[in-house]
1. Work out the count of Lys pairs in the range 4-127 where the Cα-Cα distance is under 23 Å, with the pair 8 or more places apart or on different chains.
2. So what is the relative contact order of the range 4-127, in percent, for Cα pairs below 8 Å that sit 6 or more residues apart?
3. Hey, what do the phi angles of the range 78-86 turn into as Karplus ³J(HN,Hα) couplings, whole Hz, using 6.51/-1.76/1.60 and θ = phi - 60°, x for Gly and Pro?
4. Let's test this: bin the Cα-Cα distances of the range 3-129 at 5 Å from zero up to the farthest pair and state each bin's percent.
5. What 222 nm value per residue comes from the helices of the chain, counting each DSSP H run with n ≥ 4 as -39,500 (n - 2.57) and dividing by all residues, nearest 500 deg cm²/dmol?
6. For the range 57-125, just the Cα set please: Rg and Dmax, both in angstrom.
7. For the ranges 50-60, 68-78, what's the packing order if you count other beta-carbon atoms within 10 Å of each residue, average per peptide, and put the highest first?
Amino acid sequence: MQNKIILQGVRLYAYHGVMEQERKIGAYFTIDAEVETDFSSAIESDLLDGTISYADIFTIIKHEMSIPSHLLEHVAGRIAQAIFDQWVTAQSVRIKILKENPPMGADCQGAGVELTMNNPKTLKHIINK
């Protein structure tokens, strides 16, 4: 069974970009996140401790987005790593970050990155069972 916690369309104002002006003025970003985890015990028990709270994932995203960075790749990696640090049960994370109306002389809704990472701690835990 493949289980995922999903946050879609989280919209935050942040200060990321290669150009200094982008880090001063800021822009809106849209973030999607998927965290693969085994929440079979939550299915049975109806208890939050059998899963990962999407509110807690949002808190991590909001915190990492508040730290100005040159590259969205760096931000996405920090978000994924923070999720893995918080929950060993997070098997993989997919993060998509789009900057709305990026300053590149093109008419587009957004530009960004998508990152999928596997949790090495979870893989070790599964192998050692």
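Any read-out appearing in this document is the output of simple, stated calculations on the displayed coordinates, not a laboratory observation. No experiment lies behind these values; they were computed from the predicted model shown. With ideal geometry, Cβ positions are generated from the backbone for all residues, glycine too; neighbour counts draw on all protein chains shown.
1. 10
2. Working: 223 pairs, mean separation 32.3, N = 124.
Reported as a whole number, the value is 26 percent.
3. Working through the residues one at a time gives 5, 4, 4, 5, 5, 5, 4, 5, 7 Hz.
4. Each 5 Å bin holds this share of Cα pairs: 2, 11, 20, 21, 16, 12, 8, 5, 3, 1, 0.
5. Numbers: 5 runs with 47 residues, N = 129.
Calculated mean residue ellipticity at 222 nm is -10500 deg cm²/dmol.
6. Reported Rg and Dmax, both Å: 13.7, 47.
7. On the way: 50-60: 16.4, 68-78: 17.9.
Packing proxy ranking, top to bottom: 68-78, 50-60.
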